[in-house]
1. In the list 188, 220, which residue meets the criterion of being of a type outside the set (Ser, Thr, Tyr) and either in contact with a strand residue (DSSP E or B) (Cβ under 6 Å, 6 or more places away or on another chain) or under 21 Å from residue 90 (Cα atoms) (or both)?
2. In the stretch 176-263, which strands (runs of 3 or more DSSP E) lie fully inside it and hold 3 or more residues that are within 17 Å of the chain's Cα centre (by Cα)?
3. Look at residue 168 and say whether it is in a loop (DSSP other than H, G, I, E, B), of a type outside the set (A, V, I, L, M, F, W, C) and free of Cβ contacts under 8 Å to residues at least 24 places away in the same chain.
4. Out of 167, 219, 198, which single residue is among the acidic types (Asp, Glu) and under 29 Å from residue 246 (Cβ atoms)?
5. Search the stretch 235-257 for residues that are open to solvent by 40 Å² or more (accessible area, probe 1.4 Å) and pair each with any residue that is in a loop (DSSP other than H, G, I, E, B) and at pLDDT 95 or above when their beta-carbon atoms are under 6 Å apart and the residues are at least 6 apart or on different chains.
6. Just the residues that are open to solvent by 60 Å² or more (accessible area, probe 1.4 Å) and either in a strand (DSSP E or B) or among the hydroxyl-bearing types (Ser, Thr, Tyr) (or both), please, taken from the stretch 117-161.
7. Just the residues that are touching a residue at least 40 places away in the same chain (Cβ under 8 Å) and either within 17 Å of residue 105 (Cα to Cα) or crowded, with 20+ Cβ neighbours inside 10 Å (or both), please, taken from the stretch 190-215.
Amino acid sequence: MRFSIWPSANQPWGEILATASYAEATGWDGVWIADHFMPDVDGPFPLETPTLEAGSLVAALAAAVPRVRIGTLVYGNTYRHPAVVANMAVTTDHVSGGRFTLGIGAGWQRNEHAAYGIDFPSAGARVDRLAEAVEAIHGLLRNPRTTFKGRYYEITDALCEPKPVQDPLPILVGGSGDRLLGVAARWADAWNTWGQPDHIAERSAALSRACERVGRDSDAIARTAQALVFMADTDTDPTTIERQVERAPMPAIGGTVEQLRDVVAAYAQAGLDELIVPDRSLGQGTPKLERMDRLIEEVAPAFR
């Protein structure tokens, strides 16, 4: 299993770079960046919290951090035309020397669509748009020229040059709904969602069924997932961690090193290929780096 860090874009560039560089130097496998322009109304940060843009961040990290994989978790499809996304992805792949994963999803954060005047259709329409976008991007990244005509997007004899360093550049589709899993089954090299092990096992099985329906080997699609991680220090009251996990706004795991090993073992049993750890639940400064060390030195080795 791969272990990757997810620095929040709601912190200064220097802190993001420091976290990514530390991960690179200490044996982590990847660095992921989310795609938002402002915090969600129901999220952990005040709306006025500065938010750095994902495409610029992954390109900067690709140049500044030399070993780990870099990826978007995930580009919101509603924010950019798929031809623009394809060209952004190729550029970042070249900057990284072939270490970029293009993660894309349907888009979900209503308040930033409203604030920026971006159309926010129904969930079904957003998945339909994503399906067209991923098909178009797949063609642009892998074919000499691409013509695609759908309900939402149309490209004609389009070039996307140069081609990626990687052959192919991996496309990751993020989300857990059944229709979205159908998009992943057709076009994705990797799939991602939030969740604890039981949810990942159930949704992974659903992805396998979706692959069977379209005649694709489900083993060709890597499974990735994330959860907030609350790590007990030597003097932490166990009930404190339990409360943090229970009250977390997103799926969360937590406990001592031994307890976290058990949880990661359950992820491995569910077929997970990569566990992604958001840094926002690890603290700041030295405590965050110390918890990163314990995760990669004391939890990860048993699953590599």
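The values are calculated or read from the model by the stated rules, or taken from the named source; none is laboratory data. Predicted model only: the values in this text are computed from it and were never measured. Cβ coordinates were reconstructed from backbone atoms using ideal geometry, including for glycine residues, and neighbour counts include every protein chain displayed. Please note that ligands, DNA and RNA were not included when accessible areas were found on the heavy atoms of the full protein model with its side chains. Shrake-Rupley method; radii C 1.70, N 1.55, O 1.52, S 1.80 Å.
1. 188
2. Ranges flagged: 190-194, 222-226.
3. Judged against the criteria, residue 168 is not a match.
4. Every option except 198 fails the conditions.
5. Listed by first residue and then by second, the contacts come to 251/195; 251/196; 251/227.
6. 122, 147, 149, 152, 154, 156, 157
7. The answer is 190, 192, 194, 195, 197, 200, 204.
Every residue, every condition in (1) closer than 30 Å to residue 46 by Cα; (2) under 23 Å from the mean Cα position of the chain (by Cα), yes or no:
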site: 106; (1), (2): yes, yes
site: 126; (1), (2): yes, yes
site: 138; (1), (2): no, yes
site: 150; (1), (2): no, no
